[in-house]
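Laboratory data are not the source of any read-out in this text; all were calculated from the coordinates shown. Everything numeric here is computed off the predicted structure, so don't read it as measured data. Because the Cβ atoms are built from the backbone with ideal geometry, glycine has one as well, and the counts that use them run over all protein chains shown.
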Amino acid sequence: KAYFGSLVALQTCHVVRIPKSSFQHAMEQYPSQQAALKLRKNEELVEEEFRGAMQRVATRKLVWNRYQGSLNNYSVANLSELEMLIKTLESWKTFFRQVRDCRARKQDELERHTK
């Protein structure tokens, strides 16, 4: 399959990778075609959702960058020191709001899945 993006872990995460050959060997010893089919379909759905989310993020970023470039000759060189400081703090504030909201969504999702 085609490579579609890079990820950066914000917290420690553990990944268990099972080679295809080991999985097939286990399926030969303990066959459960129904469970294997269910797992495969579930993984394909998760991957499809993830790819869609990555595409939406990339599209949003592209649109945002185009918007930023189309502002009336907006340039850092034209800003005073105070204006640059204000812009920096506003960007910082926006970024951390997004991080907070993302963590809250993940926590809500985790709580929903553990119930």
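Summary of values
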quantity: Helical contribution to [θ] at 222 nm, DSSP H n ≥ 4, -39,500 (n - 2.57), averaged over the chain, rounded to 500; calculated: -25500 deg cm²/dmol
quantity: Other-chain or far-sequence residues with amide H under 5 Å of residue 79's (modelled H); calculated: none
quantity: Cα-based helix-to-principal-axis angle, 33-70 vs the chain, degrees rounded to 10; calculated: 10 degrees
quantity: The chain: Lys pairs at Cα distance under 21 angstrom, eight or more positions apart or on different chains; calculated: 9
quantity: Degrees separating the helix 81-114 axis from the principal Cα axis of the chain, which is the longest one; calculated: 20 degrees
quantity: Positive-end residue, the chain charge dipole about Cα centroid, Cβ charges, pick of 13, 32, 45; calculated: 32
quantity: About the Cα centre, charge dipole magnitude for the chain (Lys/Arg +1, Asp/Glu -1 at Cβ), debye; calculated: 140 debye
